[in-house]
Amino acid sequence: MSCRLLCFHGFLGGPQDFDFLKDSYQVKAINLRDFVHLAFDDLFEKLQSIGAFENVDIILGYSFGARLALRLKILKQLKQPLFCIGGHLGLKDKEEIFKRKAFEDNIIERIQSLSEANFLHFWNSFELFEYDKPLASVDMRNAELFFANYGL
């Protein structure tokens, strides 16, 4: 039997981001867009109600999904091992926190004010994504909630 993974995607990602693992693992990938409107405890309860944590060997989080999965693991005392990929897991310095909050507020403002094409151009221009395939589309419906409700 192959290893069973519970996967949490990053901001602007989706469950399909983990499809490449399906040949080697049993993948249960959560669409976080369906949950980021919820308060943390409600999000956890909803994930439990759909059986997200059942029959899972490892939790895998990427970027935003890594931060959320770590928060779930610690605060809800999940027993499964967690692998965090590309997730910034917190800041302690007040100046860094202030800068990050300003960055996240800027992202929210751009989501609310830019067209999808202009937001994608802005997002893809980050040096962090220099070697990634540029995102070609994004679901803007509730993208700001990733930061508004679950910011760093």
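Yes/no per residue for (1) basic (Lys, Arg); (2) under 18 Å from Ser2 (Cβ atoms); (3) within 15 Å of the chain's Cα centre (by Cα):
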{"residue": "Gln16", "(1), (2), (3)": "no, no, yes"}
{"residue": "Asp19", "(1), (2), (3)": "no, yes, no"}
{"residue": "Ser24", "(1), (2), (3)": "no, yes, no"}
{"residue": "Leu32", "(1), (2), (3)": "no, no, yes"}
{"residue": "Val36", "(1), (2), (3)": "no, no, yes"}
{"residue": "Asp41", "(1), (2), (3)": "no, no, no"}
{"residue": "Lys46", "(1), (2), (3)": "yes, no, no"}
{"residue": "Gly51", "(1), (2), (3)": "no, no, no"}
{"residue": "Asn55", "(1), (2), (3)": "no, yes, no"}
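Would you confirm whether any residue within the range 16-27 is buried (at least 20 other Cβ atoms within 10 Å of the Cβ), touching a helix residue (DSSP H, G or I) at 6+ places or on another chain (Cβ under 9 Å) and either farther than 29 Å from Phe129 by Cα or not aromatic (Phe, Trp, Tyr) (or both)? So far as the range 16-27 goes, no, none of its residues is buried (at least 20 other Cβ atoms within 10 Å of the Cβ), touching a helix residue (DSSP H, G or I) at 6+ places or on another chain (Cβ under 9 Å) and either farther than 29 Å from Phe129 by Cα or not aromatic (Phe, Trp, Tyr) (or both).
To keep it simple, each residue is scored yes or no on (1) closer than 30 Å to Ser2 by Cα; (2) in a loop (DSSP other than H, G, I, E, B).
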residue	(1), (2)
Leu60	yes, no
Lys73	yes, no
Lys79	yes, yes
His88	yes, yes
Ile111	no, no
Tyr150	no, yes
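For the structure I just gave you, tell me whether Leu32 is of a type in the set (A, V, I, L, M, F, W, C) and at pLDDT 95 or above. Taking the combined requirement at face value, the residue satisfies it. Residues of the range 65-93 that are in contact (Cβ under 8 Å) with a residue 24 or more places away in the chain and within 14 Å of Phe40 (Cβ to Cβ): Arg67, Leu68, Ala69, Arg71, Leu72, Leu75, Lys76, Leu78.
The values are calculated or read from the model by the stated rules, or taken from the named source; none is laboratory data. As the structure is a computational prediction, the values presented were derived from the model and not from experiment. We place every Cβ from the backbone using ideal geometry, glycine too, and count neighbours over all the protein chains shown.
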